[in-house]
Structure formats: C-alpha cells, structure tokens
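Engineer: Submitted below is the structure of interest, expressed as structure tokens.
The values are calculated or read from the model by the stated rules, or taken from the named source; none is laboratory data. Please read these numbers as outputs of a predicted model, since none were measured by experiment. With ideal geometry, Cβ positions are generated from the backbone for all residues, glycine too; neighbour counts draw on all protein chains shown.
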Amino acid sequence: MLNKNLNQLHSYHCIPCFVLIISLLCVSVNSFADENPSITVKTATLSFQDKTYLLNAHINYSLSDEAIEALHNGVSLSFNVDLSIIESRRWLWNKHHNNLSFPYQLRYHTLAEIYQVSDTTNNLQHNFSSLSAALNALGTLSDIPIHSITNDNNFKTNASLKAYLNIEALPLPMRPLAYVTRGWYLRSNTFEWPLAH
Amino acid sequence: MLSLLFSLYLMSHATESNSAFNGLFSALILINIAGTIFLLGLLISNIRWLWQQFSTQAVGARITARIVLLFFAISVIPTGIVFYFSSQLLHQSIDSWFDAKIDTAMQSSLTLSRRSLDNRTLFLMKETRQLASQLENETDIFLSLTLAGLRAQTNASELTAFSKQGRIIATTNLDPGVLIPNTPDSSTLLLAKQNHEFIGFEPNSNKGLIVRAIVEIRNTNPKRYLQAIYTVPEDIGELAGSVEDAYTAYQEFSYLRNSLKFSFTLTLSLALIFSVLAASWAAFVFARELVAPIRQLVEGTQALSEGNYEKKLKTNRQDELGFLINSFNAMTLRISSSRTEANNAQRDAEDQHAYLETVLSHLSNGVLGFDLALRLKTTNYGADQILEHPLTACIEFSLAEIAIKCPELDAFTSLLIGNFSAKETEWQHEFMFHINHQKKTLLLKGTPLYAADKTLSGYVLIFDDVTPIIQSQRNAAWSEVAQRLAHEIKNPLTPIQLSAERLQRKLHSQLDDDANKVLKKSTDTIVQQVSAMKSMVNDFSNFARPPQSKPQVISISHLIDDIASLYQGQVQHLIVTIDDHLPSTYADPIRLRQVLINLIKNAQEAIADINNGEINISVSYKKDCDSIEICIADNGPGVDNSNIERIFEPYATTKDKGTGLGLAIVKKIIEEHSGTIIIKPVKPQGANFIIQLPVTTL
C-alpha cells in the first residue's frame, strides 16, 4: 500500500484524478457518518507480470458511527482483505485453490491527531491527517505481488476478493455487542472475476 | 459448564492485554448460548412432559412437580442474589475505575505534551521557512544541488522539494541509505497548498516522533514546496509517546466501560441462566429417577388389582426403593403361585364335575340332587326321560314348587318330601307312576348327602324305570302259561274232536230223528268248540314261541299300499297318507304284515257299528329320531282310559270275541324290531295306534 502511494505520487498522470478524489473525500468527510456504512469492492484485477500475479483493487471503506467513535477512542480497527482462487465446477461445489488474507490496521494517534494505516503483513505503516485519506489509502491496493498463485492451471478459475472488519480483533468486551450491532457489521460483497492465464 | 467457567475466566481477564485465549471468547459465548438454548429446550420438553403427566393424572406427577419446584427455588434464590450483588459490585467497581480528576489529568498531560511539542514545532517552522527562503527563485536543477548543502546547515533529517502535484523534484536525507523520501499524504499536501505551509508531528516507524514541516518556496514557477523532516529528540519522543500511550489506553478503557459492563452482565446472566436451567434439568432427572420405582410400584399394584399376577418389576437399584420393588416381586410371585394352585384345583374340580355330568347324562337311571331345603340342585337326562318332564328347567325349585309346576309329578314329589323329611338314612321304595296314559313302575333309592365335615348337606335320589323289566317278566310268565296251555290243552283236543265225530257217525243210524238232531247239534258244538280251542291254543303257541324272524330290506310304503288295497272294498272310508321319499328299512315283511293287518282289523271292528266310520293310515319319516312312524287311527268308540294302560297285555281284550293276544303279539313283534307302539285316544272319539320303527340298514 505504501508502494502504491509512492507510485501514485510518482505518477504524474494520476495526480489530477487523485486530487479530485481527495477533494471529494474531504468535502464529504463531514457527512461521512451519514452515508450507509459499508465496504464495497469497486474493482479488482490480477495481472500477470514477470511470472508473478499482481493484485490491483479499489475498495471503498465507509465506516459506521460506532466504528468511528471507537477509533477516536483509541480502539484499533482491523480489516482483512481475502483473496481466493476458485475453480468453478459444474457438478460439484467450487474448489478453492488459494485463500490469501491481507490484514490491515487503522488506528488514531491522539497526540499527533493523525490516522495510522498499518500493513501488518509487511509491517509498514503510513500516517494520514484525515480519516478519508486513510480510508482511501486503505482501500487502494496496488501491484501487490501474489507469489503463491501460478498460471499453470488448465481449468477455468475465478478470483474473488472481499474485505471486512475483523470483529475478533476488537477488544474482548466489545465483541459480544459488535456481533449483534449492525454498525459493526462491515463486510464487502464478494467481487469475483475470471482469472486470465 | 466448562465452557462457561472458561468464559468467566476470560471476562475476569478482559481488561488485561492480549490473552492467548482471547480469540476463543466469542466462540465460547456462542457455545454457552447454544448450551443454554439446548438446556432450555430440554427444560421445555421436560415441562411439557410434566404437563402431560399432570393432564393424564399420571402417577408421580405431583412428586415430580414438587421436587422440580424445590430445586428451582433452591437454585434461583441464591444464584439470583449472588447475580444481583455481583452485578452491582461489578458495575460499581468499573465505575470507580474512572474519575473526573483522572480524566482531567490525562487530558492535561496530553495537552502539556502537545504544548511542549508545539513550542518545538514553531521553532522548526521558522527554521524551515528560512531554508525555503534560501531556495527562492531557484530552478529545479539548482534545487537538487542546493538541498544537500542546506540539510547540513540544519537539524533536518530529510529535505525534499516537490511540485504542487506532489511530484518529487529533489530530496536529501541524513541517512544516505534512504532512497525514498517520507512524502506527505494527500490531505497534508492539500492543507499545505491551501495554507502555503504546514507543520505537524507524527510517529515514525521506530516508535519515536518526527516533525513534518512543509513551506511553499516563493518566487518559483511552477510552484515548489519544501518539506523538512525533523526527528524529535529521543527522550522527548519517549516521554510524549508514554503520555500518548497512557492517554490512549485510558481513553480506550473509558470507552469500553459500557461494553465491559455489558459483557460482564452477559456472562453473569449466562452463568445464572445456565445454573438455573441446569438445576431445573437436574431436578427433572432426579425426580424421574426417584419417581420411576414409585410409578413402577403403582403400575404393579394396579396390574395386581386387575388380576395380572405375572407382573414383574425391573430394577437395578440397591437402595430402599430397590428393596421395596424386590419385595413386591416376591409378593407377586407368591400370589401367582397360590393362584396357579387354586386354578389347578378349580380345573380339577371342573374336570371332575364335567366327568360326573357326562356320567350322569349318559346314565339311564334318573339322578336328582337336593339341598337341605329340598330344592332341586342336580338332575340328569335319565331323570327327564323317565319322568317325561324337563326337570332341568326346575333347577333351584323346591319339590313343592315342582309339584305346582308339574301336577303329574305331585305324587312323586309328595313321596320324596315324605321320605327325605322323615329319614336321614338310605331308603328304597317302589313307586307306581302314571304319566301320559302310561303306567310306570319306578324303583326309588334315596340317600342323604354328607359334606366333608360330616354334616348333612343335601339328598340324592337315584331311580330307575323298572316297567320294562316287570313287563318282560310278565310276558315271560304269560309265555310260560301259554306254552303249558298249548301243551296241556292241545293234546286232548284231537281225541275229543275225533270221539265226537265218531259218536255222531256211529249213533246216527241208531237214533231217531229227534235224537239225531240233538246228537248232531251236540257233536257239532263239541267239534266247533274244539276247533275254537285249537285256534286259541295255536294263538297261545304263537305268542309263546313266535316263528323265526326273516328280516330283509323292505319298503314300508309298498307294504302299506298292498295291505290297504286288501281293505279298500271292505272299509267305507280308508284314507292312506304316505310321505314321499320314505326310506327303506330292514324288517321282516311277514311279521310286519301281521301287525298291520291286526291293527287295521281291530280298527275295522271298532267302526263296524257306527256310521261314517273312518280309518286313517299315515306313514311319515321322523328325522329327529331317524324312524318311520305309522299311525292307524279310527273314529270308533275308542278305548277306556282304565284299560288303555293294559291294552297290550295278553288277555286284556274288550271285545267279545278273540283270544286277547292280538295286541300283545303286535307289541311283541314291534319290540322284536326295536320299535315302540303306543295308543292315544282321538278326539272326539276313537283310538290311534302309533308305531315307531327305527330305520335300520344292513
């Protein structure tokens, strides 16, 4: 994700678009809580370059009031992005060849009043002065190498991607209520697309 | 239960940092809820079962309900009290952890940290502005060259120049190994562009703090920005980080206060519900265990009262209830064996009774049993046949009542009453008995009946119809007489007849006419009377020594037709009625012809002196006794009742002529054919001879 940010900064052509998105996010930041809290996978692709699949995806995170309140009260929010390679079978249930999970963490730094997005897989973190920027960065997956997937499969495969708030990573006393509170049920649709060999 | 305990343990350590089992908490809560639902289901099904037991008034339902209620009360009251006070204590304890003063202190310490850092950032901002001022009017190439020199003059760990769009123009870092500069995020860049400058501190990856300062470089075209990264001294960074950590932890803890209360309350509630449900379920199990043998015993006693003595109760218990069930089983076993013995005895008695009944029913003798009040208790087929009354219908009737019901038996019952009332010993009596125009001679033998304890319990009368015996004795006597008469009289008759004929022949010529007339008249009379005597002697002889019978298969209808045809012209009204399909029988046709001719001749003589005399001959087959019934009836003067009983005895004729042996011979022939003959008066006048011949075949 940090790499992605860097790439964005380096990419001159993306700058107007990026600024527009950031502007829109900033304008809508006050009304953010009014939006329906949800996670939506907008786009996702797996491109094969240099014998490695690279994951690119755009996920729209919209937090609920409960989640934002908890974040501002020192509670770290953990999000998981799950990638699966699925073999579609006509007469049997689909076979999952690869199940990969990319955990991310979002926390609020009270002293610095900034939002930290951590990639716990690569132990990287980045700071953002606004929640919208942090969520935008959280939802932008760029060229993440997936080494465990090979393209030597002869059968038809699909890739699926979904993202969700990991309630089990919340502090223990919060979990029972989180499981039954709508605001804490943040889970995206499963975005599925055919995997190109 | 273990899951519940583990959940409670986890909740007790909820405020601590990551526990190894934290991940299991939700699963444990789910398991507990599932267990609670399962127990609730069990309890509901048990309550339904108990309700059904109550509805059907089942045995043990009340005891079960009492035990369950007792257990419920015992479990609910203390656990409810503990739950209430624990909940209160927990809530108060959690609330006591937070204090307004601590809140203020924490906020103040955070503000203090910020102020302290703000002073430093203001200084660093000025320094950055100065650096930016040195880069005014510089081209991008110059910027790249001068940045390194500028960084050496300051405390900045990194200097970066970038465009308005965020594109990096030039960068320099204290650490030459760092190739990628620490770029601002989009919102920071936007703020910097809006305000022409930006400063803020943020944590770095080493848990320390850095200050990011961004200043617009004036007089550059296009617009350029300078970012300076300053590392906050380690001691200050640690202090600020410590304050931040503490504040964040306290803030999180404060935020989790309600969640903590809810989770503790939830876990305690689960513990309470689980305990109550488990206690209630255990109460049901215990109550069932306790009530099961009681129910068994009740079912056993009910079965016993319904006569099921084979009922066995199963138990593996070794306690007092098990002892009770075993005792019950022993009792039923004893009752069952006693009952079996009683049944066997009863069966033996019934067999004996059936045996006696069979014997009595097949006895030709009559047997009557009476109790002490002379009520009829037992009778048999033989008694009914001899007395010609169905005494079976008079069971439980006293002798006096039987006499009223059957007036013909009045003399018989009077005799019994007299003898049984007078004597308690055996007695014997010969009794002349008139019934249905027949005279019977009965030989009665009465005996008292004693019970097992030698007390008098009733009377038994055994009697037999000895009329045939007497009749046969009489017939034998008559045969003897007839034989002697034939022998003694027949011998002198021929000399008498011959002498009379010789007298007439010899003296005929010697006497005058008058004397001849007297002689002829006398000798004719002698010859005539001798002939009559010969005829009578022959009859006696026939009666005494009948000719040898020659039976053969004959048709009675043909025989009757033959004989009737002989009398068709002689009798004014002779009506013959013969059933169709009359069976053939095995008999002597000559002897039967003699019988029928004799009877028809009798009837003919009976109607000789009356107008409209009529003879009816009917023959029919009696299926019930498999015999042929021949009736020869006339409308003559009939037979006097006083003579009707002796009509078949020898020499019992009412006619002026004849030897009086005709009907006796008829009866003898019929009896030789194993048949019977009776005479019944016909109303308004006349007599009807009824012959019954059994249908016999070879």
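Engineer: What number goes with the only condition from (1) over 18 Å from B:L209 (Cβ atoms); (2) more than 14 Å from chain A (Cβ to nearest Cβ) that B:S187 does not pass?
Structural biologist: (2)
Engineer: Please work out if A:V180 is more than 8 Å from every other protein chain (Cβ to nearest Cβ), crowded, with 21+ Cβ neighbours inside 10 Å and of a type in the set (V, I, T).
Structural biologist: Numbers: more than 8 Å from every other protein chain (Cβ to nearest Cβ): yes; crowded, with 21+ Cβ neighbours inside 10 Å: no; of a type in the set (V, I, T): yes.
Here the answer is no, as A:V180 does not meet what is asked.
Engineer: Right, here's the next one. Is at least one residue of the stretch A:136-157 facing another protein chain (nearest Cβ under 9 Å) and either in contact with a strand residue (DSSP E or B) (Cβ under 8 Å, 6 or more places away or on another chain) or more than 30 Å from B:L28 (Cβ to Cβ) (or both)? Lay out the reasoning, then the answer.
Structural biologist: Our first condition is that a residue be facing another protein chain (nearest Cβ under 9 Å); within the stretch A:136-157, this holds for A:136-137.
Narrowing the set further to residues that are either in contact with a strand residue (DSSP E or B) (Cβ under 8 Å, 6 or more places away or on another chain) or more than 30 Å from B:L28 (Cβ to Cβ) (or both) leaves A:136-137.
So far as the stretch A:136-157 goes, yes, one or more of its residues are facing another protein chain (nearest Cβ under 9 Å) and either in contact with a strand residue (DSSP E or B) (Cβ under 8 Å, 6 or more places away or on another chain) or more than 30 Å from B:L28 (Cβ to Cβ) (or both).
Engineer: Scan (1) in contact (Cβ under 8 Å) with a residue 40 or more places away in the chain; (2) over 40 Å from the mean Cα position of the chain (by Cα) for the single condition B:E299 breaks and write down its number.
Structural biologist: The one condition B:E299 does not meet is (2).
Engineer: In the list B:S555, B:S565, which residue meets the criterion of being exposed (fewer than 12 other Cβ atoms within 10 Å of the Cβ) and either under 30 Å from B:N635 (Cα atoms) or at pLDDT 85 or above (or both)?
Structural biologist: Numbers: B:S555 fails: exposed (fewer than 12 other Cβ atoms within 10 Å of the Cβ).
B:S565 is the lone residue from the list that is exposed (fewer than 12 other Cβ atoms within 10 Å of the Cβ) and either under 30 Å from B:N635 (Cα atoms) or at pLDDT 85 or above (or both).
Engineer: All but one of (1) within 14 Å of chain B (Cβ to nearest Cβ); (2) of a type in the set (F, W, Y); (3) buried (at least 17 other Cβ atoms within 10 Å of the Cβ) hold for A:F191; which doesn't?
Structural biologist: (1) is the only condition that A:F191 fails.
Engineer: Now a separate question. Of all residues in the stretch B:300-355, how many are farther than 26 Å from B:L290 by Cβ and polar (S, T, N, Q)? Give the derivation first.
Structural biologist: From the stretch B:300-355, those farther than 26 Å from B:L290 by Cβ are B:307, B:309-310, B:334-355; that's our starting set.
In the following step, the residues that additionally are polar (S, T, N, Q) were identified as B:336-338, B:340, B:343-344, B:346, B:352.
The number of residues fulfilling the criteria is 8.
Engineer: Moving to a separate point now. For the list (1) at pLDDT below 80; (2) aromatic (F, W, Y); (3) within 60 Å of the chain's Cα centre (by Cα), I need the number of the one condition that B:Y621 fails.
Structural biologist: Result: B:Y621 fails condition (1) only.
Engineer: Just for the stretch B:254-269: of the residues that are surrounded by fewer than 21 Cβ atoms within 10 Å (Cβ to Cβ) and more than 8 Å from chain A (Cβ to nearest Cβ), which one is nearest to the chain's Cα centre (by Cα)?
Structural biologist: Among them, the one singled out is B:S269.
Engineer: Looking at this structure, is A:A163 under 27 Å from B:F253 (Cα atoms) and crowded, with 16+ Cβ neighbours inside 10 Å?
Structural biologist: Values: under 27 Å from B:F253 (Cα atoms): no; crowded, with 16+ Cβ neighbours inside 10 Å: yes.
Against the criterion (under 27 Å from B:F253 (Cα atoms) and crowded, with 16+ Cβ neighbours inside 10 Å), A:A163 does not qualify.
Engineer: Is it the case that some residue within the stretch B:395-411 is small (G, A, S) and at pLDDT below 85?
Structural biologist: So the first thing to find is which residues in the stretch B:395-411 are small (G, A, S), and the list is B:398, B:400, B:403, B:411.
Next, from what is left, pick out any that are at pLDDT below 85: none.
No, the stretch B:395-411 contains no residue that is small (G, A, S) and at pLDDT below 85.
Engineer: Ok, one more. When residues of the stretch B:685-697 are filtered for being surrounded by fewer than 22 Cβ atoms within 10 Å (Cβ to Cβ) and either touching a Cys at 6+ places or on another chain (Cβ under 9 Å) or without any contact (Cβ under 8 Å) to a residue 24 or more places away in the chain (or both), how many remain?
Structural biologist: So the answer is 4.
Engineer: Let me ask another. Identify, please: which residue in the stretch B:41-69 is surrounded by fewer than 16 Cβ atoms within 10 Å (Cβ to Cβ) and touching a helix residue (DSSP H, G or I) at 6+ places or on another chain (Cβ under 7 Å) and is, among those, farthest from the other protein chains (Cβ to nearest Cβ)? Write out each step before concluding.
Structural biologist: Here is the first cut: in the stretch B:41-69, the ones surrounded by fewer than 16 Cβ atoms within 10 Å (Cβ to Cβ) are B:41, B:44-45, B:47-49, B:51-52, B:54-57, B:62-63, B:66, B:69.
Right, trim to touching a helix residue (DSSP H, G or I) at 6+ places or on another chain (Cβ under 7 Å) and you get B:54, B:63.
On the way: B:F54: 38, B:I63: 41 Å.
The residue in question is B:I63.
Engineer: If you check A:S118 against the conditions, is it within 30 Å of B:T248 (Cα to Cα), assigned to a strand (DSSP E or B), more than 14 Å from chain B (Cβ to nearest Cβ) and polar (S, T, N, Q)?
Structural biologist: Spelling it out, it is not the case that A:S118 is within 30 Å of B:T248 (Cα to Cα), assigned to a strand (DSSP E or B), more than 14 Å from chain B (Cβ to nearest Cβ) and polar (S, T, N, Q).
Engineer: For residues in the stretch B:72-125 being without any contact (Cβ under 8 Å) to a residue 12 or more places away in the chain and among the acidic types (D, E), which is nearest to B:A271 (Cα to Cα)?
Structural biologist: B:D99
Engineer: Quick check on my filter: what residues within the stretch B:586-637 are farther than 18 Å from B:K667 by Cβ, touching a strand residue (DSSP E or B) at 6+ places or on another chain (Cβ under 6 Å) and β-branched (V, I, T)?
Structural biologist: Selection gives B:I607, B:I615, B:I617, B:V619.
To keep it simple, each residue is scored yes or no on (1) in a strand (DSSP E or B); (2) farther than 28 Å from A:P145 by Cβ; (3) away from chain B (no Cβ under 14 Å).
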site	(1), (2), (3)
A:E66	no, yes, no
A:A70	no, yes, no
A:V75	no, yes, no
A:D82	yes, no, yes
A:I85	yes, no, yes
A:H96	yes, no, yes
A:Y108	yes, yes, no
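Engineer: Working only within the stretch B:622-645, note down all residues that are within 21 Å of B:I597 (Cα to Cα) and outside any loop (DSSP other than H, G, I, E, B). So that I can check it myself, show each step before the final result.
Structural biologist: Just the residues of the stretch B:622-645 that are within 21 Å of B:I597 (Cα to Cα), to begin with: B:627-639, B:644.
Hits for the stretch B:622-645 are B:S627, B:I628, B:E629, B:I630, B:C631, B:I632, B:A633, B:D634, B:I644.
Engineer: While we're here: When the stretch B:326-382 is examined, which residues are found to be out of contact with any strand residue (DSSP E or B) (no Cβ under 8 Å at 6 or more places or on another chain), polar (S, T, N, Q) and under 16 Å from B:L449 (Cβ atoms)?
Structural biologist: Here is the first cut: in the stretch B:326-382, the ones out of contact with any strand residue (DSSP E or B) (no Cβ under 8 Å at 6 or more places or on another chain) are B:326-359, B:361-363, B:381.
From what's left, polar (S, T, N, Q): B:326-327, B:329, B:332, B:336-338, B:340, B:343-344, B:346, B:352, B:358, B:361.
Result: B:Q352, single match.
Engineer: What number of residues within the stretch B:582-618 satisfy the criterion of being farther than 27 Å from B:Q685 by Cβ and at pLDDT below 85?
Structural biologist: The number of residues fulfilling the criteria is 0.
Engineer: List the number of the failed condition for B:N22; all other conditions in (1) polar (S, T, N, Q); (2) surrounded by 15 or more Cβ atoms within 10 Å (Cβ to Cβ); (3) at pLDDT 85 or above; (4) more than 14 Å from B:S280 (Cβ to Cβ) hold.
Structural biologist: B:N22 satisfies all of (1) polar (S, T, N, Q); (2) surrounded by 15 or more Cβ atoms within 10 Å (Cβ to Cβ); (3) at pLDDT 85 or above; (4) more than 14 Å from B:S280 (Cβ to Cβ) except (3).
Engineer: Only residues that are within 11 Å of chain A (Cβ to nearest Cβ) and either at pLDDT 85 or above or loosely packed, with under 13 Cβ neighbours inside 10 Å (or both): list them for the stretch B:85-111, please.
Structural biologist: Of the stretch B:85-111, the ones within 11 Å of chain A (Cβ to nearest Cβ) are B:94, B:106-107, B:109-111.
Residues satisfying the conditions are B:M106, B:Q107, B:S109, B:L110, B:T111.
Engineer: Are there any helices (runs of 4 or more DSSP H) wholly within the stretch B:378-465 with 2 or more residues that are closer than 30 Å to B:E649 by Cα, and if so which?
Structural biologist: Values: elements: B:381-387, B:399-405, B:410-422.
In the stretch B:378-465, B:381-387, B:410-422 are the helices (runs of 4 or more DSSP H) which contain 2 or more residues that are closer than 30 Å to B:E649 by Cα.
Engineer: Is it the case that A:S132 is out of contact with any His (no Cβ under 7 Å at 6 or more places or on another chain) and either facing chain B (nearest Cβ under 8 Å) or assigned to a strand (DSSP E or B) (or both)? Walk me through it before giving the result.
Structural biologist: Working: out of contact with any His (no Cβ under 7 Å at 6 or more places or on another chain): yes; either facing chain B (nearest Cβ under 8 Å) or assigned to a strand (DSSP E or B) (or both): yes.
Answer is yes for this residue.
Engineer: Here's something else I'd like to know. So in the stretch B:199-220, with the set limited to residues that are part of a strand (DSSP E or B) and either more than 12 Å from chain A (Cβ to nearest Cβ) or of a type in the set (D, E, K, R) (or both), which one is surrounded by the most Cβ atoms within 10 Å (Cβ to Cβ)? Talk me through it step by step, then tell me what you get.
Structural biologist: Residues of the stretch B:199-220 part of a strand (DSSP E or B): B:199-203, B:209-217.
Now drop any that are not either more than 12 Å from chain A (Cβ to nearest Cβ) or of a type in the set (D, E, K, R) (or both), which leaves B:202, B:212-213, B:215-217.
Numbers: B:E202: 23, B:R212: 27, B:A213: 25, B:V215: 24, B:E216: 18, B:I217: 20.
Restricting to residues being part of a strand (DSSP E or B) and either more than 12 Å from chain A (Cβ to nearest Cβ) or of a type in the set (D, E, K, R) (or both), the top hit is B:R212.
Engineer: Further question on the same structure: Does the stretch B:221-245 hold any residues that are of a type outside the set (A, V, I, L, M, F, W, C) and either surrounded by 15 or more Cβ atoms within 10 Å (Cβ to Cβ) or within 19 Å of B:Q165 (Cβ to Cβ) (or both), and which are they?
Structural biologist: Looking only at the stretch B:221-245, we keep the residues that are of a type outside the set (A, V, I, L, M, F, W, C), and these are B:221-225, B:227, B:230-231, B:233-235, B:237-238, B:241-242, B:244-245.
Once the filter is applied, which keeps residues that are of a type outside the set (A, V, I, L, M, F, W, C) and either surrounded by 15 or more Cβ atoms within 10 Å (Cβ to Cβ) or within 19 Å of B:Q165 (Cβ to Cβ) (or both), the stretch B:221-245 yields B:N221, B:P222, B:K223, B:R224, B:Y225, B:Q227, B:Y230, B:T231, B:G237, B:G241, B:E244.
Engineer: Given the options A:L111, A:L124, A:L161, A:L135, name the one that is at pLDDT 90 or above and either closer than 26 Å to B:R212 by Cβ or among the basic types (K, R) (or both). Before you say what the answer is, go through the steps one by one.
Structural biologist: Details: A:L111 fails: at pLDDT 90 or above; A:L124 fails: at pLDDT 90 or above; A:L161 fails: either closer than 26 Å to B:R212 by Cβ or among the basic types (K, R) (or both).
Criteria check complete, one pass: A:L135.
Engineer: Of the residues that sit in the stretch B:475-509 and are charged (D, E, K, R) and surrounded by 14 or more Cβ atoms within 10 Å (Cβ to Cβ), which one is nearest to B:D384 (Cα to Cα)?
Structural biologist: Step by step, filter the stretch B:475-509, then rank; the result is B:K490.
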